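Chemist: Below you will find the structure I want to go over with you.
The values are calculated or read from the model by the stated rules, or taken from the named source; none is laboratory data. Note that this is a predicted model, so its numbers are computed, not measured. Methodologically, a virtual Cβ is constructed for each residue, glycine included, from the backbone with ideal geometry; neighbour enumeration extends over all protein chains shown. Surface accessibility is based on the protein's heavy atoms, side chains included, excluding ligands, DNA and RNA. Shrake-Rupley method; radii C 1.70, N 1.55, O 1.52, S 1.80 Å.
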Amino acid sequence: MKKELLFESYALLFEIELALVGIIEKEMTRHFGHLWRQIFFVEGGTLLCDNLPLFFRLSPLQDIFTDHELHELCILTDIKNTLNQQSTISQNDFHHVERLSQQLTTKKNLLLFI
């Protein structure tokens, strides 16, 4: 994998995490107020990807993503783990990350606009 593609993969993963954090922040704050992190024992330093399946089982977040989108987020976690091991990812995985980044940015913008 070329260094440029590797860097772009990390940049896209960062954008995806920012979009997910924005969505989670908006919905959880709307339902539980600004103390939602204390209510759900969310600690700084944990990786967001590790907690995704748990977060989207919570009732305020259940209706945000379809089952297909949640499956794609699980695939994304696998891709991120591969990159964290400094292994190369396939061109298909890169396109998957790219597409998911665009979808989440659109979804976040729609949710924040409402």
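Chemist: Against the conditions (1) surrounded by fewer than 17 Cβ atoms within 10 Å (Cβ to Cβ); (2) part of a helix (DSSP H, G or I); (3) among the basic types (Lys, Arg), where does Lys80 fall short? Just the number, please.
Modeler: Condition not satisfied by Lys80: (1).
Chemist: Do you know which residues across region 65-77 are assigned to a helix (DSSP H, G or I) and either hydroxyl-bearing (Ser, Thr, Tyr) or open to solvent by less than 90 Å² (accessible area, probe 1.4 Å) (or both)?
Modeler: Here is the first cut: in region 65-77, the residues assigned to a helix (DSSP H, G or I) are 67-77.
Those that are assigned to a helix (DSSP H, G or I) and either hydroxyl-bearing (Ser, Thr, Tyr) or open to solvent by less than 90 Å² (accessible area, probe 1.4 Å) (or both): Glu69, Leu70, Glu72, Leu73, Cys74, Ile75, Leu76, Thr77.
Chemist: Which one of these is over 13 Å from the mean Cα position of the chain (by Cα), at pLDDT below 75 and open to solvent by 30 Å² or more (accessible area, probe 1.4 Å): Gln62, Gln91, Gln38, Gln85? Write out each step before concluding.
Modeler: Numbers: Gln62 fails: at pLDDT below 75; Gln91 fails: at pLDDT below 75; Gln85 fails: at pLDDT below 75.
Exactly one of Gln62, Gln91, Gln38, Gln85 is over 13 Å from the mean Cα position of the chain (by Cα), at pLDDT below 75 and open to solvent by 30 Å² or more (accessible area, probe 1.4 Å), namely Gln38.
Chemist: Right, next: Of all residues in region 1-25, which are touching a residue at least 40 places away in the same chain (Cβ under 8 Å), β-branched (Val, Ile, Thr) and farther than 15 Å from Arg99 by Cβ?
Modeler: Ile23 - this is the single residue of region 1-25 that is touching a residue at least 40 places away in the same chain (Cβ under 8 Å), β-branched (Val, Ile, Thr) and farther than 15 Å from Arg99 by Cβ.
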